[in-house]
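Have a look at the structure below before the remarks.
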There are 2 protein chains.
Amino acid sequence: MTSNTAGGPSRRERMRAETIAEIKASARGQLLQHGPSGISLRAIAREVGVTPAALYRYFDSLDALLIQLVCDLYDELIAATRAAMDEAPPEAHLDRMKAWVWAFRAWSVGNRREFELMISYPEGNSAMSICADPKTIDSLEFDAVTLKSMEHAQLCGRELAQFYRQTEGEGFEFGSVTLPEMSDGLQQELIESCSLMIIGERLPVSWVFAFTSAWVRVFGLVTMEAFGSLPVQNNIDEFYKAQIKSMLRDFGMEQ
Amino acid sequence: MTSNTAGGPSRRERMRAETIAEIKASARGQLLQHGPSGISLRAIAREVGVTPAALYRYFDSLDALLIQLVCDLYDELIAATRAAMDEAPPEAHLDRMKAWVWAFRAWSVGNRREFELMISYPEGNSAMSICADPKTIDSLEFDAVTLKSMEHAQLCGRELAQFYRQTEGEGFEFGSVTLPEMSDGLQQELIESCSLMIIGERLPVSWVFAFTSAWVRVFGLVTMEAFGSLPVQNNIDEFYKAQIKSMLRDFGMEQ
DNA sequence: ATTAGTTTGCTAACGGTGTTCACTCTAATA
DNA sequence: TATTAGAGTGAACACCGTTAGCAAACTAAT
């Protein structure tokens, strides 16, 4: 394939990658200007300076291009989130989880149109999904977008597992305080579908429930804020702080 | 205008209303079959048996048609919710609020595509909004869709206000238990933008915070379930029940 | 250096979309 | 009955995503 002695990408491959980047950049520009449904293949071709048909040498369809774009955006979100988490020490798991929330929020609100595209693609999607069997996670059972969204959720999930392991020896008393009574079936599914699947480690039901509840709340918060339908407009930071406090209380923590 | 002695709608008006209903029905059919973006003006015209241009006698544009459709869907959701609430006695405010949640969920999940259209329209929307100044609520500051979504939220909001009035005399002790510490600014805005604006009555901060928190949670739950990204798949009813219990605890209630 | 093969881009076309305009016909009004 | 407002048509415009066939350019191997 490549005739390089250095083994690096060939000239053609470099050119191709550059063109692909250019196409994606143009698509993102149109996303910013006209929203998700305003992304036009022909307009991209016009901007890149090429015939519409030529784009099919790089993407199978407009849909495929958008999916690729969404994956890139997830990578961007994940990178931003990870960077924010890494500003806290590796063992400060609580701070890192907080940082995850703030970074998730900041990126989504700061990139509303991108976020809009992400949660609305594909049509019959399972965006921002959280649950996945690790055995099937690498199979082709999930589309690329779902995989990315799970990768994003796992950033926080794994941190929770480590936090649990950290506090396990300290005789923390969780669970009895906060867990509402629920059927065994739900407890089973909660543990299996989240503790086992996402975090890769068994956690107490109270933790898993608190985690899934918090996930729903954060998802609601970020989505509503990005779409401008949050019940608060001026003191949003404070509102988030209060929400985080409320969620921590569900974990049995006061701070 | 109308030449009827009975004062009812004229023959033309009846015909027009019938055609409009037919158009909307066709649009909804396509929504069900092909999703929000699969609604085509030309396809509607084809189905109704008329030229595409003829539809412009009834709607200014496809966008206007869709907005009208969304408003109708909100009316349907509101009617279903109200009916479910009215199955409980008028003074059983807690049961009525629970019924609101269940009906909201049932309708949204039972009409996924419709729900999808509702929360994704218009593009830069404020769907499922909750806050509005009652002085400006009737002015043209809000689009029709936002007004409908507020009407839907008010169904629950008013019930909360009546519930508060009901329990006020009974010496219930709320607030101190659950309200996380927050700035005065946020407290101000919470009270003003929700208690005053939606419910039309001053409530304690703890109630308002618990209400907005619950609203975010319910919105997150319903949206995620409708989009298939809920962390639970098999015991969803139980999960909702546990969530409701958790929310009630935020109000300081155990049951 | 020439050949063979791959990659890239083009032109042209097909069928689809929302929207507008000028025109006809019909039904309700004065 | 004459007038007028409403509903519907047909043709056109400017887009859209996608496909097929063909020509040029580049790479790789003989």
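Among residues belonging to the range A:10-22 that are surrounded by 14 or more Cβ atoms within 10 Å (Cβ to Cβ) and away from DNA strand D (no atom under 12 Å from the Cβ), point out the one that is farthest from A:TYR121 (Cα to Cα).
A:THR19
Restricting attention to the range B:201-212, the residues that are within 7 Å of another protein chain (Cβ to nearest Cβ) and touching a Ser or Thr at 6+ places or on another chain (Cβ under 6 Å) total 0.
Taking the range B:31-51 as the range and being within 8 Å of DNA strand C (Cβ to nearest atom) and surrounded by 14 or more Cβ atoms within 10 Å (Cβ to Cβ) as the test, the residues that pass are B:ILE39, B:SER40, B:LEU41, B:ALA43, B:ILE44, B:ALA45. The residue list B:ARG28, B:ARG105 contains one member that is more than 14 Å from DNA strand C (Cβ to nearest atom) and in the same structural domain as B:ALA226 (by TED's automatic domain parsing), which is B:ARG105.
Quick check: anything in the range B:217-227 within 7 Å of chain A (Cβ to nearest Cβ) and not in a helix (DSSP H, G or I)?
yes
Are any residues in the range A:55-67 near DNA strand C (Cβ under 9 Å from one of its atoms) and open to solvent by less than 30 Å² (accessible area, probe 1.4 Å), and if so, which ones? Residue satisfying the conditions is A:LEU55 alone. Restricting attention to the range A:234-248, the residues being facing another protein chain (nearest Cβ under 7 Å) and surrounded by fewer than 18 Cβ atoms within 10 Å (Cβ to Cβ) number 2. Among the residues making up the range B:68-77, those that are of a type outside the set (Phe, Trp, Tyr), within 10 Å of the chain's Cα centre (by Cα) and buried (at least 19 other Cβ atoms within 10 Å of the Cβ) are B:LEU73, B:LEU77.
Is there a residue in the range B:41-51 that is within 16 Å of DNA strand D (Cβ to nearest atom), closer than 23 Å to B:SER149 by Cα and under 30 Å from the mean Cα position of the chain (by Cα)? Among the residues of the range B:41-51, not one is within 16 Å of DNA strand D (Cβ to nearest atom), closer than 23 Å to B:SER149 by Cα and under 30 Å from the mean Cα position of the chain (by Cα), which makes the answer no. Screening A:MET15 against (1) at pLDDT below 95; (2) within 24 Å of B:ASP63 (Cα to Cα) leaves a single unmet condition, (2).
The values are calculated or read from the model by the stated rules, or taken from the named source; none is laboratory data. The structure displayed is predicted, hence computed values, not measured ones. In this analysis, Cβ positions are derived from the backbone assuming ideal geometry, glycine residues included, and neighbour counts consider all displayed protein chains. Just the protein is used for accessible areas: all its heavy atoms, side chains included, with ligands, DNA and RNA removed. Shrake-Rupley method; radii C 1.70, N 1.55, O 1.52, S 1.80 Å.
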